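Reading through the C-alpha coordinates given below for one structure.
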Amino acid sequence: MSSFPKRYTGSRLEPYLRRVQSLLDSKEISRCKDLFEGISTFYGVIPLDRVYRILTEDHGTVMSEEAFLAFCEYVRYEQNDHFYIFGEEEYYGQITLPETEPMKRLLAHEVFVEFEDAYEQLRELKKGKPWYVPTKEEFEDHERSLEFARTEQVIAAERWLTETFRISAEKTKAAISDVLTGLHSEEHDIYSILDDIQRFTKDMTLEQARSFVPIYNELNNNTRMPANNGFTPAETEALRSEYGFTGSSLFSELNELDEEKEKERSEKARAAGDRWIQMRKTFSQLADAGYDPDKPSAVPRRVVKTGRNDPCPCGSGRKYKKCCGR
(Lines give C-alpha, C1' and ligand atoms only; values in the text may rest on other atoms or scores of the structure.)
Protein backbone atom coordinates (compact mmCIF):
# COMPACT_ATOMS: atom_id res chain seq x y z
CA MET A 1 0.00 0.00 0.00
CA SER A 2 1.51 3.33 -1.05
CA SER A 3 0.68 6.89 0.07
CA PHE A 4 -2.91 6.13 0.92
CA PRO A 5 -5.40 7.53 1.62
CA LYS A 6 -5.35 10.94 -0.03
CA ARG A 7 -6.41 13.71 2.31
CA TYR A 8 -7.38 17.25 1.27
CA THR A 9 -7.84 20.35 3.41
CA GLY A 10 -8.67 23.99 2.83
CA SER A 11 -8.98 25.12 -0.79
CA ARG A 12 -8.39 21.61 -2.16
CA LEU A 13 -11.37 20.23 -0.25
CA GLU A 14 -13.63 23.23 -0.80
CA PRO A 15 -14.99 22.28 -4.27
CA TYR A 16 -16.11 18.86 -3.01
CA LEU A 17 -17.79 20.44 0.00
CA ARG A 18 -19.60 23.04 -2.12
CA ARG A 19 -20.78 20.31 -4.47
CA VAL A 20 -22.34 18.17 -1.74
CA GLN A 21 -23.81 21.24 -0.01
CA SER A 22 -25.66 22.07 -3.21
CA LEU A 23 -27.42 18.70 -3.01
CA LEU A 24 -27.74 17.95 0.73
CA ASP A 25 -28.29 20.19 3.73
CA SER A 26 -25.99 20.18 6.75
CA LYS A 27 -28.20 17.80 8.76
CA GLU A 28 -28.30 15.32 5.88
CA ILE A 29 -24.50 15.48 5.51
CA SER A 30 -24.01 14.89 9.23
CA ARG A 31 -26.50 12.02 9.20
CA CYS A 32 -24.77 10.40 6.22
CA LYS A 33 -21.44 10.52 8.06
CA ASP A 34 -23.02 8.71 11.00
CA LEU A 35 -24.57 6.15 8.65
CA PHE A 36 -21.29 5.50 6.86
CA GLU A 37 -19.48 5.01 10.15
CA GLY A 38 -22.15 2.56 11.31
CA ILE A 39 -22.21 0.67 8.01
CA SER A 40 -18.41 0.38 7.88
CA THR A 41 -18.42 -0.97 11.45
CA PHE A 42 -21.16 -3.50 10.66
CA TYR A 43 -19.75 -4.82 7.36
CA GLY A 44 -16.02 -4.04 7.59
CA VAL A 45 -15.72 -3.55 3.83
CA ILE A 46 -18.66 -3.01 1.47
CA PRO A 47 -19.05 -1.69 -2.13
CA LEU A 48 -20.70 1.71 -2.45
CA ASP A 49 -23.39 0.45 -4.82
CA ARG A 50 -24.55 -1.95 -2.12
CA VAL A 51 -24.46 0.83 0.48
CA TYR A 52 -26.72 2.92 -1.78
CA ARG A 53 -29.08 -0.03 -2.26
CA ILE A 54 -29.32 -0.60 1.50
CA LEU A 55 -30.03 3.05 2.21
CA THR A 56 -32.56 3.64 -0.54
CA GLU A 57 -34.22 0.30 -1.31
CA ASP A 58 -34.01 -1.42 2.08
CA HIS A 59 -34.17 1.51 4.50
CA GLY A 60 -36.24 3.91 2.41
CA THR A 61 -33.80 6.83 2.52
CA VAL A 62 -34.68 9.45 -0.09
CA MET A 63 -31.42 10.35 -1.83
CA SER A 64 -30.51 10.67 -5.49
CA GLU A 65 -27.52 8.79 -6.84
CA GLU A 66 -25.98 12.15 -7.74
CA ALA A 67 -26.21 13.37 -4.13
CA PHE A 68 -24.91 10.03 -2.80
CA LEU A 69 -21.84 10.10 -5.05
CA ALA A 70 -21.17 13.76 -4.29
CA PHE A 71 -21.19 12.94 -0.58
CA CYS A 72 -18.87 9.95 -1.13
CA GLU A 73 -16.44 12.05 -3.15
CA TYR A 74 -16.34 14.66 -0.40
CA VAL A 75 -15.86 12.36 2.61
CA ARG A 76 -13.25 10.19 0.93
CA TYR A 77 -10.93 13.22 0.86
CA GLU A 78 -11.99 14.71 4.20
CA GLN A 79 -10.03 14.03 7.40
CA ASN A 80 -11.97 11.10 8.84
CA ASP A 81 -10.43 8.69 11.33
CA HIS A 82 -13.00 5.92 11.24
CA PHE A 83 -13.72 4.92 7.64
CA TYR A 84 -12.22 5.21 4.17
CA ILE A 85 -13.59 5.21 0.63
CA PHE A 86 -11.25 3.99 -2.11
CA GLY A 87 -10.72 1.98 -5.26
CA GLU A 88 -8.35 -0.97 -5.21
CA GLU A 89 -5.89 0.83 -7.49
CA GLU A 90 -5.59 3.49 -4.76
CA TYR A 91 -5.21 0.96 -1.98
CA TYR A 92 -2.45 -0.94 -3.75
CA GLY A 93 -0.90 2.15 -5.37
CA GLN A 94 -0.91 0.48 -8.80
CA ILE A 95 -1.30 3.12 -11.49
CA THR A 96 -1.51 0.36 -14.11
CA LEU A 97 -4.92 -0.69 -12.78
CA PRO A 98 -7.94 1.06 -14.30
CA GLU A 99 -9.63 3.68 -12.14
CA THR A 100 -12.51 2.15 -10.19
CA GLU A 101 -15.97 3.41 -11.12
CA PRO A 102 -17.34 5.64 -8.34
CA MET A 103 -20.16 3.25 -7.40
CA LYS A 104 -17.73 0.30 -7.32
CA ARG A 105 -15.40 1.92 -4.79
CA LEU A 106 -15.28 0.45 -1.30
CA LEU A 107 -16.39 1.81 2.05
CA ALA A 108 -14.12 0.29 4.71
CA HIS A 109 -13.69 0.63 8.45
CA GLU A 110 -10.27 1.83 9.56
CA VAL A 111 -9.43 -1.52 11.21
CA PHE A 112 -9.55 -3.25 7.82
CA VAL A 113 -7.42 -0.62 6.08
CA GLU A 114 -4.71 0.45 8.49
CA PHE A 115 -3.31 -3.04 9.09
CA GLU A 116 -1.63 -4.45 6.03
CA ASP A 117 -3.06 -7.97 6.12
CA ALA A 118 -6.57 -7.18 7.37
CA TYR A 119 -8.18 -6.10 4.09
CA GLU A 120 -6.95 -9.14 2.16
CA GLN A 121 -8.04 -11.53 4.91
CA LEU A 122 -11.51 -10.01 5.10
CA ARG A 123 -11.92 -9.94 1.31
CA GLU A 124 -11.13 -13.66 1.09
CA LEU A 125 -13.55 -14.54 3.89
CA LYS A 126 -16.38 -12.56 2.26
CA LYS A 127 -16.14 -14.23 -1.16
CA GLY A 128 -19.42 -15.64 -2.43
CA LYS A 129 -21.37 -15.00 0.77
CA PRO A 130 -24.80 -13.32 0.75
CA TRP A 131 -25.39 -9.99 2.51
CA TYR A 132 -27.43 -9.67 5.66
CA VAL A 133 -29.45 -6.46 5.69
CA PRO A 134 -30.63 -5.33 9.13
CA THR A 135 -33.92 -3.49 9.43
CA LYS A 136 -33.64 0.28 9.73
CA GLU A 137 -34.56 0.03 13.43
CA GLU A 138 -32.03 -2.74 14.07
CA PHE A 139 -29.29 -0.78 12.37
CA GLU A 140 -30.14 2.45 14.19
CA ASP A 141 -30.01 0.61 17.54
CA HIS A 142 -26.55 -0.70 16.62
CA GLU A 143 -25.44 2.73 15.43
CA ARG A 144 -26.65 4.60 18.52
CA SER A 145 -25.24 2.29 21.15
CA LEU A 146 -21.95 1.45 19.42
CA GLU A 147 -22.24 -1.76 21.42
CA PHE A 148 -22.96 -5.36 20.51
CA ALA A 149 -26.53 -6.65 20.64
CA ARG A 150 -27.47 -8.27 23.95
CA THR A 151 -28.36 -11.64 22.54
CA GLU A 152 -29.18 -14.64 24.71
CA GLN A 153 -25.63 -15.87 24.08
CA VAL A 154 -24.14 -12.60 25.35
CA ILE A 155 -26.34 -12.75 28.45
CA ALA A 156 -25.31 -16.39 29.07
CA ALA A 157 -21.61 -15.46 28.76
CA GLU A 158 -22.03 -12.58 31.20
CA ARG A 159 -23.86 -14.86 33.65
CA TRP A 160 -21.08 -17.47 33.45
CA LEU A 161 -18.42 -14.84 34.08
CA THR A 162 -20.24 -13.31 37.05
CA GLU A 163 -21.08 -16.64 38.67
CA THR A 164 -17.65 -18.17 38.07
CA PHE A 165 -15.46 -15.29 39.23
CA ARG A 166 -17.81 -13.05 41.26
CA ILE A 167 -16.57 -9.92 39.50
CA SER A 168 -18.50 -6.67 39.15
CA ALA A 169 -21.10 -6.06 36.46
CA GLU A 170 -18.82 -3.37 34.99
CA LYS A 171 -15.89 -5.80 34.65
CA THR A 172 -18.19 -8.50 33.27
CA LYS A 173 -19.52 -6.19 30.57
CA ALA A 174 -16.00 -5.00 29.67
CA ALA A 175 -14.66 -8.56 29.44
CA ILE A 176 -17.44 -9.80 27.15
CA SER A 177 -17.15 -6.62 25.07
CA ASP A 178 -13.46 -7.44 24.56
CA VAL A 179 -14.36 -10.97 23.48
CA LEU A 180 -16.96 -9.69 21.00
CA THR A 181 -14.52 -7.07 19.66
CA GLY A 182 -12.04 -9.86 19.02
CA LEU A 183 -14.63 -11.97 17.19
CA HIS A 184 -15.70 -8.93 15.17
CA SER A 185 -12.10 -8.27 14.05
CA GLU A 186 -11.44 -11.94 13.17
CA GLU A 187 -9.80 -13.15 16.37
CA HIS A 188 -11.31 -16.62 16.85
CA ASP A 189 -8.51 -18.47 18.65
CA ILE A 190 -9.93 -19.78 21.93
CA TYR A 191 -6.67 -19.13 23.79
CA SER A 192 -6.65 -15.47 22.76
CA ILE A 193 -10.28 -15.21 23.86
CA LEU A 194 -9.34 -16.68 27.25
CA ASP A 195 -6.58 -14.06 27.46
CA ASP A 196 -9.23 -11.38 27.09
CA ILE A 197 -11.21 -12.82 29.98
CA GLN A 198 -8.26 -13.43 32.25
CA ARG A 199 -7.37 -9.71 32.14
CA PHE A 200 -10.47 -9.20 34.29
CA THR A 201 -10.35 -12.34 36.44
CA LYS A 202 -6.63 -12.74 37.26
CA ASP A 203 -6.35 -16.48 37.95
CA MET A 204 -8.27 -19.02 35.87
CA THR A 205 -8.13 -22.79 36.38
CA LEU A 206 -8.11 -25.31 33.56
CA GLU A 207 -11.57 -26.52 34.57
CA GLN A 208 -12.90 -22.97 34.49
CA ALA A 209 -11.40 -22.46 31.04
CA ARG A 210 -12.93 -25.73 29.84
CA SER A 211 -16.34 -24.75 31.18
CA PHE A 212 -16.18 -21.59 29.06
CA VAL A 213 -15.64 -23.46 25.77
CA PRO A 214 -19.34 -24.28 25.09
CA ILE A 215 -20.24 -20.72 26.14
CA TYR A 216 -17.66 -19.42 23.67
CA ASN A 217 -18.93 -21.66 20.88
CA GLU A 218 -22.45 -20.31 21.25
CA LEU A 219 -21.18 -16.73 21.45
CA ASN A 220 -18.97 -17.12 18.38
CA ASN A 221 -21.59 -18.91 16.30
CA ASN A 222 -24.31 -16.34 17.00
CA THR A 223 -22.39 -13.07 16.63
CA ARG A 224 -22.89 -10.97 13.48
CA MET A 225 -19.54 -10.57 11.74
CA PRO A 226 -18.11 -8.45 8.90
CA ALA A 227 -16.45 -11.57 7.48
CA ASN A 228 -19.92 -13.07 6.94
CA ASN A 229 -21.36 -9.86 5.50
CA GLY A 230 -23.39 -9.33 8.67
CA PHE A 231 -24.63 -12.90 9.09
CA THR A 232 -23.66 -15.00 12.11
CA PRO A 233 -21.46 -18.08 11.57
CA ALA A 234 -24.48 -20.32 12.29
CA GLU A 235 -26.62 -18.50 9.72
CA THR A 236 -23.76 -18.49 7.20
CA GLU A 237 -23.17 -22.22 7.56
CA ALA A 238 -26.90 -22.85 6.92
CA LEU A 239 -26.68 -20.76 3.71
CA ARG A 240 -23.61 -22.57 2.32
CA SER A 241 -25.43 -25.05 0.07
CA GLU A 242 -27.81 -22.38 -1.27
CA TYR A 243 -25.08 -19.92 -2.26
CA GLY A 244 -22.27 -22.37 -3.02
CA PHE A 245 -19.42 -20.52 -1.32
CA THR A 246 -16.50 -22.63 -0.14
CA GLY A 247 -14.78 -20.31 2.37
CA SER A 248 -14.98 -20.57 6.13
CA SER A 249 -18.19 -19.56 7.88
CA LEU A 250 -16.13 -19.17 11.09
CA PHE A 251 -18.43 -21.71 12.76
CA SER A 252 -16.81 -23.08 15.92
CA GLU A 253 -17.06 -26.70 17.08
CA LEU A 254 -14.13 -26.68 19.52
CA ASN A 255 -14.83 -29.02 22.43
CA GLU A 256 -11.52 -29.57 24.22
CA LEU A 257 -8.53 -27.56 25.39
CA ASP A 258 -4.98 -28.82 25.35
CA GLU A 259 -3.91 -28.97 29.00
CA GLU A 260 -0.27 -27.98 28.43
CA LYS A 261 -1.15 -25.21 26.00
CA GLU A 262 -3.75 -23.78 28.36
CA LYS A 263 -1.33 -23.91 31.29
CA GLU A 264 1.26 -22.02 29.25
CA ARG A 265 -1.32 -19.45 28.14
CA SER A 266 -2.54 -18.89 31.67
CA GLU A 267 0.98 -18.36 33.01
CA LYS A 268 1.81 -15.90 30.23
CA ALA A 269 -1.45 -14.01 30.79
CA ARG A 270 -0.71 -13.73 34.51
CA ALA A 271 2.81 -12.45 33.78
CA ALA A 272 1.42 -9.92 31.30
CA GLY A 273 -1.00 -8.69 33.95
CA ASP A 274 1.87 -8.26 36.42
CA ARG A 275 3.82 -6.26 33.79
CA TRP A 276 0.80 -4.03 33.20
CA ILE A 277 0.48 -3.31 36.93
CA GLN A 278 4.18 -2.48 37.12
CA MET A 279 3.88 -0.21 34.09
CA ARG A 280 1.05 1.74 35.76
CA LYS A 281 3.16 2.09 38.90
CA THR A 282 6.07 3.42 36.83
CA PHE A 283 3.84 5.98 35.12
CA SER A 284 2.54 7.08 38.51
CA GLN A 285 6.08 7.47 39.85
CA LEU A 286 7.13 9.49 36.80
CA ALA A 287 4.12 11.77 37.21
CA ASP A 288 5.00 12.29 40.88
CA ALA A 289 8.54 13.21 39.80
CA GLY A 290 7.20 15.92 37.48
CA TYR A 291 7.63 14.08 34.16
CA ASP A 292 5.53 15.65 31.39
CA PRO A 293 5.00 13.37 28.35
CA ASP A 294 3.89 16.34 26.24
CA LYS A 295 7.26 18.08 26.52
CA PRO A 296 9.74 17.29 23.69
CA SER A 297 12.46 14.89 24.70
CA ALA A 298 16.14 15.64 24.19
CA VAL A 299 16.53 12.09 22.90
CA PRO A 300 15.04 11.55 19.42
CA ARG A 301 12.54 8.72 19.28
CA ARG A 302 12.55 6.12 16.53
CA VAL A 303 9.00 5.37 15.42
CA VAL A 304 8.43 1.68 14.69
CA LYS A 305 5.23 0.53 13.01
CA THR A 306 3.47 -2.17 15.00
CA GLY A 307 1.77 -5.02 13.12
CA ARG A 308 -1.83 -5.80 14.07
CA ASN A 309 -0.85 -9.24 15.44
CA ASP A 310 2.31 -8.00 17.21
CA PRO A 311 2.40 -7.60 21.01
CA CYS A 312 1.09 -4.16 21.97
CA PRO A 313 3.96 -1.77 22.81
CA CYS A 314 2.05 -0.58 25.90
CA GLY A 315 3.11 -3.79 27.65
CA SER A 316 -0.37 -5.20 28.20
CA GLY A 317 0.61 -8.54 26.72
CA ARG A 318 -2.27 -8.40 24.22
CA LYS A 319 -2.12 -8.18 20.47
CA TYR A 320 -1.88 -4.60 19.16
CA LYS A 321 -5.15 -4.88 17.19
CA LYS A 322 -7.03 -5.77 20.38
CA CYS A 323 -5.42 -3.17 22.59
CA CYS A 324 -4.09 0.28 21.61
CA GLY A 325 -4.56 -0.47 17.90
CA ARG A 326 -8.37 -0.63 18.05
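Odds and ends about this structure:
- Largest accessible area first, the residues Trp131, Trp160 order themselves as Trp131, Trp160 under a 1.4 Å probe with ligands, DNA and RNA left out.
- Two-site label geometry, Val62 and Ser26: point separation in nm, points 7 Å out along Cα→Cβ: 2.2
- Binned Cα-Cα distance frequencies in segment 146-243 - 10 Å width, integer %: 15, 51, 26, 7, 1
- Nearest-0.05 FRET efficiency for Ala169 and Arg240, computed from C-beta distance (R0 35 Å): 0.35
- Per residue value of the accessible surface for segment 1-113 (all protein chains in place, 1.4 Å probe), Å²: 50
- Tensor-based shape of segment 67-204 (alpha-carbon gyration tensor, a/c under 1.5 rounded, otherwise prolate or oblate): prolate
- Estimated dipole of segment 1-121 in Debye, rounded to 20 [Cβ of Lys and Arg +1, of Asp and Glu -1, Cα centre]: 420
- Extension gain for Thr135-Leu206 works out to 21.4 nm (0.36 nm per residue, less the C-alpha to C-alpha distance).
- When the listed pairs Lys33/Lys171; Lys27/Lys136; Lys104/Lys126 are checked against a 26 Å cut-off, the alpha-carbon distance exceeds it for Lys33/Lys171.
- Building the convex hull from the alpha-carbon atoms of segment 106-180 and averaging its projection over directions returns 7.1 nm².
- What the Cβ-Cβ distance of Glu99 and Asn222 gives, at R0 = 51 Å and to the nearest 0.05, is a FRET efficiency of 0.80.
- Portion, in percent, of the accessible area of segment 37-96 that falls on carbon or sulfur, probe 1.4 Å: 46
The values are calculated or read from the model by the stated rules, or taken from the named source; none is laboratory data. Keep in mind the model is a prediction, meaning the values are calculated, not measured. Here the Cβ is made from the backbone with ideal geometry for all residues, glycine too, and neighbour counts use every protein chain on show. Accessible surface is based on the protein model in full, side chains and every heavy atom, while ligands, DNA and RNA are left aside. Shrake-Rupley method; radii C 1.70, N 1.55, O 1.52, S 1.80 Å.
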